[in-house]
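The values are calculated or read from the model by the stated rules, or taken from the named source; none is laboratory data. Computed from a predicted model, the values in this text were never measured in an experiment. Quick reminder, even Gly has a Cβ in these numbers, built from the backbone with ideal geometry, and neighbours come from all protein chains shown. Surface accessibility is based on the protein's heavy atoms, side chains included, excluding ligands, DNA and RNA. Shrake-Rupley method; radii C 1.70, N 1.55, O 1.52, S 1.80 Å.
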Amino acid sequence: MIAQKTVPPSLYLAIKKNLTLPDVPVFADSVIPKLKQESELLGLDVTGPLEFIYEGCDGSPDVPFDLTIGFPIQAMKSASTAFVYITTHSFPCVFLEYKGSVYGIGAGWHEFFATVFKADLILTGQCREVYQHWVDHDSAENITELQIGISDTL
């Protein structure tokens, strides 16, 4: 059985960019330290781990999609010149805990999608990665929750 839940709406300090899968590592590595620094400079109360929100990503390396990278926060404070505040909607999803190097996460997604397709669920086109425990790119101790949006409500 596939685990399901509904993630409640959240407010984020974030950045959104249209790119392809091969572009993600370079973009993420360049923007995450700045995002963290900005949240500290603005005095924001971060309420959870860093998240990647993928919209329209089909797993093909050459197909552009929208990626939002952000930290969930308690409330907006001063405006940011480099980042935006966004609020997400309620997000019904199936989820799986992935453990290990970020370099193996593509295979983790592939296996997860294979399982989800067999369950005959209606997918929304949005997926998320919630970096629950991050050590470094190569760490076997990393814990990332993979979430695939589904259209039915729980």
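Heavy atoms of the protein chains alone define the surface here; on that basis the chain has 55 Å² accessible area per residue at 1.4 Å probe size. Each Lys or Arg adds one and each Asp or Glu takes one away; over the other residues whose Cβ falls under 15 Å from the Cβ of LYS77, this sums to -3. Per the Kirkwood formula applied to alpha carbons, region 112-154 shows a radius of gyration over Rh ratio, Rg over Rh, of 1.09. Counting heavy atoms of the protein chains alone, PHE91 has an accessible area of about 10 Å² for a 1.4 Å probe.
Rolled with a 1.4 Å probe across the full set of protein chains, the surface gives TRP134 an accessible area near 110 Å². Using the rule -39500 (n - 2.57) for each DSSP H run of four or more residues, divided by the residues of the chain, the 222 nm mean residue ellipticity is -7000 deg cm²/dmol.
Close amide H partners of THR124, meaning residues 5 or more places away or on another chain with modelled amide H under 5 Å apart, are GLY149, ILE150, SER151. Taking amide H atoms as placed 1.01 Å from N in the peptide plane, the amide H of THR47 lies under 5 Å from those of ILE73, GLN74, each 5 or more residues away in sequence or on another chain. Beyond a 25 Å Cα-Cα separation, which of these cross-linked pairs lie in this structure: LYS5/LYS77; LYS5/LYS36; LYS16/LYS118; LYS17/LYS118; LYS36/LYS99? Correct reply: LYS5/LYS77; LYS5/LYS36; LYS16/LYS118; LYS17/LYS118. Ranked from largest to smallest solvent-accessible area, with a 1.4 Å probe on the protein heavy atoms, HIS133, HIS89 come out as HIS89, HIS133. Positive end of the dipole of region 1-81 (Cβ unit charges, origin at the Cα centre): among LEU44, TYR54, PRO22, the Cα lying farthest that way belongs to LEU44.
Using a 1.4 Å probe on the protein heavy atoms, what percent of the accessible area of the chain belongs to carbon and sulfur?
Working: 4820 of 8530 Å².
Within the chain, the accessible surface is 57 percent carbon and sulfur.
Compactness of the chain was expressed as the Cα radius of gyration divided by 2.2 N^0.38 Å, which yields 1.03. Dividing the alpha-carbon radius of gyration of region 52-137 by the rule-of-thumb value 2.2 N^0.38 Å gives 1.25.
Note on exposure: THR87, THR6 ranked by accessible area (1.4 Å probe, complete protein assembly) read THR87, THR6, with the most exposed listed first. Counting only protein heavy atoms and using a 1.4 Å probe, the accessible area of GLU40 comes to about 120 Å².
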